[in-house]
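The values are calculated or read from the model by the stated rules, or taken from the named source; none is laboratory data. None of the values given here were measured: they were computed from a predicted structure. A quick note on method: Cβ atoms are made from the backbone with ideal geometry, for glycine too, and the neighbour counts reach across all protein chains shown. In case anyone asks, the SASA skips ligands and DNA or RNA and just uses the protein heavy atoms, side chains included. Shrake-Rupley method; radii C 1.70, N 1.55, O 1.52, S 1.80 Å.
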Amino acid sequence: MKFLKIKSYAKINLSLNIIGKLRSKLHQIESLVTFVNLHDLIYLRPIRLNRHKIYFRGKFAKGISSKNTVSKLLQILDKKKLLNNQKFEIKINKNIPQQSGMGGGSMNAACLINYFYNKKIIQLNQKRLINLANLIGSDVMLGINPKNTVLSSSGKLTKFKKKLGFHVLIVKPDFGCSTKLIYSKVRCYSKVEYNDSKQLLLSKKNIINSSNALEKIVFKKYPKLMRLKLFLLKLSNIIFVRMSGSGSSILAYFYSKKSADIARKEFRKKFNNYWCITSKTI
């Protein structure tokens, strides 16, 4: 049987506020989330074997453990007998950098959940679907039916079809940021802002005036990232610059593809050993 190809899009935090800490010791956050057309490619097909086969390849596949979000998802589905003993061969071409704050691994798992659910391979109500996603990772649910999303401090997700129309330059230095390490250094908390999850929160004015509360922590530990942001802020036609998640990717936002392409050329002149790519919100 031929492989089916699925796109697993990168998740971007347009803003991120840290409200407090939960009993589970996870941090309570609120965030404005979007997706860009930078994506991993997932190829899958059913196989007649007694176990799943998972392969990672591509520029950012190096170092991915055999215990990853995809293997964890399949293990849970098998344990709950939701796949009816069907096994799959899955090949993932990694175009999204690891430890970049763009949720590559989590979105891979979410993408497969979307496929299994939409094809009625797994039969779950909304509550059980959310529970499944949360068993894999706290941000996996963001990729279930990926749309522009307001994540409130209560954990509620409100999704909107509204298109943002941003063109972006995504840059990442030659190191990543450990989410666990960065969050362990959080000492200050913000006031709740997103409990009233209206589409107005995704207005360009509100997005521009928002921030990522983790930037102070990350920039203190990695001054190179602060220097990157300061350089990006000086680019022509820039709207705003913001780190995604706990880093280490930083995004420069523009209104046109031409401006983003020019910015990429300028960036490569100064930082030719750093990864960068232009993309667009979807």
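Worth a mention:
- Which of Ile144, Gly104, Val171, positive extreme of dipole for the stretch 88-186 (C-beta unit charges): Ile144
- In order along the stretch 204-211, phi translates into HN-Hα couplings of 4, 4, 5, 4, 4, 7, 7, 7 Hz, rounded to whole numbers, per the Karplus curve 6.51 cos²θ - 1.76 cosθ + 1.60 with θ = phi - 60° and x for Gly and Pro.
- Less than 5 angstrom separates the built amide H of Ser15 from those of Leu32, all sequence-distant by 5 or more or on a different chain.
- Rolling a 1.4 angstrom probe over the protein heavy atoms with all chains in place gives the chain an accessible area of 53 Å² per residue.
- Derived scalar couplings between HN and Hα for the stretch 107-112 equal 6, 4, 5, 4, 4, 5 Hz in order, rounded to whole Hz, by the Karplus curve 6.51 cos²θ - 1.76 cosθ + 1.60 (θ = phi - 60°), x for Gly and Pro.
- Computed FRET value (nearest 0.05) for Ser256 with Ser184, which takes r as the C-beta separation and R₀ as 35 Å: 0.35
- Here's the picture: charge each Lys and Arg Cβ at +1 and each Asp and Glu Cβ at -1 in the stretch 1-131, and of Ile12, Leu22, Tyr117 the one pushed furthest to the positive end of that dipole is Tyr117.
- With K and R counted +1 and D and E -1, the other residues having a Cβ less than 13 Å from that of Asn272 yield a net charge of +3.
- Of all the options Asn195, Asn125, Asn17, the one that moves most in a Gaussian network model of the chain with Cα springs shorter than 10 angstrom is Asn125.
- Of the two radii for the stretch 134-282, the radius of gyration is 0.96 times the Kirkwood radius, both from the alpha carbons; that is the Rg over Rh value.
- Efficiency of FRET between Ile239 and Lys67 - r from beta-carbon atoms, R0 25 angstrom, step 0.05: 0.05
- Cα-centred dipole magnitude for the stretch 119-183, charges only on beta-carbon of K, R (+1) and D, E (-1), debye, nearest 20: 480 debye
- For the set Met226, Met1, Met107, the ranking by accessible area, highest first and with no ligand, DNA or RNA atoms included, is Met1, Met226, Met107 under a 1.4 Å probe.
- Taking the Cα centre of the chain as reference, the dipole from Cβ charges on Lys and Arg (+1) and Asp and Glu (-1) amounts to some 480 debye.
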